[in-house]
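To start, the structure itself, in structure tokens.
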Amino acid sequence: MQRYTSLLLALLLLSCSIAQAQNKQPYSRFQYHKYKWRTFHTKAYHIYFPTGYDSLASFTARELPDAIKKVKRNMGTTLLKEPNIIIYPSVDQLYGSNIGYSESVNYTLPTFVAKGNRTIIAYDGNYEHLKQQIYESVARSIWEAWLKEENDLAKQANDKPEDIPTWFKEGAIAYFAHGWAIEAEDKLHSNYQLNPYTNWQQVAATQSKLAGQAFLYFFRRSVLPTSPHAIIRTAS
């Protein structure tokens, strides 16, 4: 009888362990099906990419130093840590991963994961889009570091972090990564011709990043030419 009871207890403990393992989704560096991952390390950054996609890694390695230099100049600061850039060869594979998360989330591109200072980018068949993600990944890393600092201060003062609208955050990151190019001006103009906007909230709802990018351009040139870091405090 004692041996039978011990066996039941052992099976019960095993079942609990399996249930906990199924419910708990641990952090993983990168994951997608059966990819084998390679790395390219420098003192300034680290690139992770699947075997067979050396061309994506080479392109990223060529563009990243210029991206870091330009964004640092635009934001008047530097990266606090060496960025870890993880490249997926398609957007759907990025969505199918569980990099750095233990819960379901909505991804943006590039995706910043605070744990380990990781930025995830995805190749959609267009190298120009990949280049844009690389520049935005650097701006996002700096922005997230600033945002964490501001939230820590807000928690100390109010026991609650301040929320910054997504359109403002994404637009600011795009502005610091790319500035306000003629292509963005043309796109905004075309949207106004196609859509009968009556207020800025409608623009922010339909063209979130572009609206924030335009707002930052106007804000810094016409209203308050302030430091990039101070913009977060203003938005909060």
Exclusive hit being among the hydrophobic types (A, V, I, L, M, F, W, C), assigned to a helix (DSSP H, G or I) and either at pLDDT below 90 or over 30 Å from G179 (Cβ atoms) (or both), set A21, A67: A21
Restricting the search to the stretch 68-90, which residues are polar (S, T, N, Q), touching a Lys or Arg at 6+ places or on another chain (Cβ under 9 Å) and under 30 Å from T51 (Cβ atoms)? N84
If T5 satisfies all but one of (1) farther than 30 Å from S208 by Cα; (2) at pLDDT 50 or above; (3) out of contact with any strand residue (DSSP E or B) (no Cβ under 7 Å at 6 or more places or on another chain); (4) among the β-branched types (V, I, T), what's the number of the condition it fails? (2)
Would you please name the residue that is modelled with the lowest pLDDT, looking only at residues in the stretch 191-236 that are among the β-branched types (V, I, T) and assigned to a loop (DSSP other than H, G, I, E, B)? T226
Residues satisfying the stated conditions in the stretch 172-203, i.e. surrounded by 20 or more Cβ atoms within 10 Å (Cβ to Cβ) and farther than 17 Å from K131 by Cα: A172, V203
May I ask you to list the residues in the stretch 46-60 that are farther than 11 Å from Y123 by Cβ and of a type in the set (A, V, I, L, M)? I47
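The values are calculated or read from the model by the stated rules, or taken from the named source; none is laboratory data. Since we're looking at a predicted model, the values are computed, not measured. Methodologically, a virtual Cβ is constructed for each residue, glycine included, from the backbone with ideal geometry; neighbour enumeration extends over all protein chains shown.
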